[in-house]
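As structure tokens, the structure follows; a few thoughts come after it.
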Amino acid sequence: AGRCVVAVDGPSGSGKSTVSRRLAASLTARYLDTGAMYRAITWAVLRSGVDLTDAQAVAKVAGEVDLRIGTDPTGYGVTADGVGVEAEIRGPEVTAAVSAVASVPAVRALLVARQRDMIAKAGRIVVEGRDIGSVVAPDADLKVYLTASAAARAARRSAEDASDVAATAADLARRDQIDSTRKADPLAQAPDAVVLDTTELGIDEVVAKLRALLAERN
Ligand code: C5P
């Protein structure tokens, strides 16, 4: 099987992660969770104690942290300076701070370069994030933009982590606002992306639809 890059973008709770992992496994492709990279950097920034609003200090920490992430769709490890941070990066502290860290242009430049490198090495890969089709991999074979109603997204997220639905809805709205209005690489629909509303669709239906789209293009 040849080179195949699939870009999956969309807001949190749109079904990106589950769909991307399943699609990658079904294509025997690699999988890259770029959100986990921003989260791991955020974990390091919080640990360093620098002021989150000090872009220069945040960028300095980001440049110094030894970030490693796997690309196996059935389970990847994320380490920062040798510490396994898989659980920590899903916690409330990191979730509350990640959009601020991800809005620092120097942090994005660093991670976008790493992501492009990993995509080139993998060849066959499903990449999920906010700016994959628009910035990281504008030449992707297929670009997908997943959406879902705000209520469906909040319900999915709170089912995943057993959090309160109202609090989750507020957090998603807050992060969407920061992610889509920041100056550097905002959450954006690439003009050539296929938009799929997953509010009423099951995971298997979404994956089947994407496989059909890929088959059409190859
Ligand atoms: O996808 P996930 O919710 O883990 O992403 C966490 C945060 O990382 C997003 O809210 C966004 O601020 C940032 N992010 C980004 N660009 C990406 C992936 C994630 O800015 N490609």
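Within the range 16-53, how many residues turn out to be within 17 Å of Val207 (Cβ to Cβ), more than 9 Å from the ligand (Cβ to nearest atom), surrounded by fewer than 24 Cβ atoms within 10 Å (Cβ to Cβ) and not β-branched (Val, Ile, Thr)? Result for the range 16-53: 7.
Note on the range 83-116: residues that are under 16 Å from Arg68 (Cα atoms) and more than 11 Å from the ligand (Cβ to nearest atom) total 10.
Pairing residues of the range 50-65 that are within 15 Å of Ala184 (Cβ to Cβ) with residues that are in a loop (DSSP other than H, G, I, E, B) and modelled with pLDDT of 95 or more, at Cβ distances under 8 Å and at least 6 apart in sequence or on separate chains, gives Ala55/Val104; Val58/Val50; Val58/Leu52; Val58/Val104; Ala59/Val104; Ala62/Val104.
Within the range 154-191, the set of residues being in a loop (DSSP other than H, G, I, E, B), more than 29 Å from Ala140 (Cβ to Cβ) and not acidic (Asp, Glu) comprises Ala162, Ser163. Sub-6 Å Cβ pairs linking a first residue in the range 84-112 that is under 17 Å from Asp54 (Cβ atoms) to a second residue that is of a type in the set (Gly, Ala, Ser) and more than 8 Å from the ligand (Cβ to nearest atom), at least 6 apart or interchain, are Val104/Ala55; Val104/Ala59; Pro105/Ala184; Ala106/Ala59; Val107/Ala59; Val107/Ala62; Arg108/Ala184; Leu110/Ala62, ordered by first then second residue. Might you check whether a residue that is more than 19 Å from the chain's Cα centre (by Cα) and part of a helix (DSSP H, G or I) occurs anywhere in the range 144-152? Yes: one or more hits. Taken over the range 134-155, the residue count meeting the criterion of being crowded, with 19+ Cβ neighbours inside 10 Å and more than 15 Å from Leu210 (Cα to Cα) is 7.
The values are calculated or read from the model by the stated rules, or taken from the named source; none is laboratory data. Every value quoted in this text rests on a predicted model; they were computed, and no experiment measured them. No Cβ is skipped: glycine too gets one built from the backbone with ideal geometry, and neighbour counts run over all protein chains shown.
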